[in-house]
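**Q** First the structure, then my questions, so here it is.
The values are calculated or read from the model by the stated rules, or taken from the named source; none is laboratory data. Bear in mind that the values here come from a model prediction, so they are computed numbers and not experimental data. Note: ideal-geometry Cβ built from the backbone for every residue, glycine included; neighbour counts use all protein chains shown.
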């Protein structure tokens, strides 16, 4: 099923409108082609997508067309920087020509991989124009909905919310992610969560469960039920509440990203 974790492009425009306590993006200085050096400070003022990848990675190869399309359509609204592993500096220009990669690419280091907690490739980080971390996505799946996500709009990343839930307590936010269920469906109170592939935020159910008690046992409900949204990308708006310091979202509106 080609419905994966991602962030809508409209996020990049909306990021400038909200400012809460945030995690500052780790600084970096990476070697690019020739004498080019890419520094985090060079991108301040516009959102930045960091795309960690390898030219020899099959998942990265399948993600690359989406990234290339986003780069071509950026129109100065945001920046994209590829951070490549497994390619020597002397081969970088050749590999870019060979693969038709026009976006700027820097050579990855152990330090930036550790600083950004990159567990594998492809891996995406969204950095806001103020230099703070907004959201992250894992794998080929993340790239796919970078494209699909243009239909949705959300303003708070799941990484942001999980990193500093106190700043959002009592606020109504818009966000999005893959809706999953972390308990069996027959549990009296199943647990639903939104995830970006790494971070998970609990979502209080806004629709009936698929089955309901009846004199003859359980029967299927009619109309929309929670299972209609499971394992699909969902954009929601709702109020953030804290319980034992952990955030929950009381959903007011939700829609599938088709």
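**Q** Residues that are surrounded by 15 or more Cβ atoms within 10 Å (Cβ to Cβ), modelled with pLDDT of 90 or more and in contact with a helix residue (DSSP H, G or I) (Cβ under 9 Å, 6 or more places away or on another chain): which strands (runs of 3 or more DSSP E) entirely in region 162-244 hold 2 or more of them?
**A** In region 162-244, the matching strands (runs of 3 or more DSSP E) lie at 172-181, 192-195, 200-204.
**Q** Continuing with the same structure: When the residues of region 69-86 are narrowed to those that are in contact with a strand residue (DSSP E or B) (Cβ under 9 Å, 6 or more places away or on another chain) and part of a helix (DSSP H, G or I), which ends up nearest to residue 31 (Cα to Cα)?
**A** So, considering only residues that are in contact with a strand residue (DSSP E or B) (Cβ under 9 Å, 6 or more places away or on another chain) and part of a helix (DSSP H, G or I), the one nearest to residue 31 (Cα to Cα) is 71.
**Q** Okay, next question. Name the residue, out of 139, 82, 128, that is without any contact (Cβ under 8 Å) to a residue 60 or more places away in the chain and not assigned by TED's automatic domain parsing to the domain that holds residue 196.
**A** 82
**Q** Okay, moving on. Filter region 106-135 for residues that are surrounded by fewer than 16 Cβ atoms within 10 Å (Cβ to Cβ), over 19 Å from residue 33 (Cα atoms) and touching a strand residue (DSSP E or B) at 6+ places or on another chain (Cβ under 8 Å) and give the result.
**A** Selection gives 119, 120.
**Q** Against the condition modelled with pLDDT of 95 or more, closer than 19 Å to residue 67 by Cα, in the same structural domain as residue 142 (by TED's automatic domain parsing) and surrounded by fewer than 19 Cβ atoms within 10 Å (Cβ to Cβ), how does residue 103 come out, does it pass?
**A** When the stated conditions are applied, residue 103 passes them.
**Q** If you don't mind, there's one more thing I want to ask. On the given criteria, is residue 252 modelled with pLDDT under 90 and farther than 24 Å from residue 136 by Cβ?
**A** no
**Q** Looking for something assigned by TED's automatic domain parsing to the domain that holds residue 119, closer than 22 Å to residue 138 by Cβ and more than 18 Å from the chain's Cα centre (by Cα) - is there at least one such residue anywhere in region 58-79?
**A** Within region 58-79, one or more residues are assigned by TED's automatic domain parsing to the domain that holds residue 119, closer than 22 Å to residue 138 by Cβ and more than 18 Å from the chain's Cα centre (by Cα).
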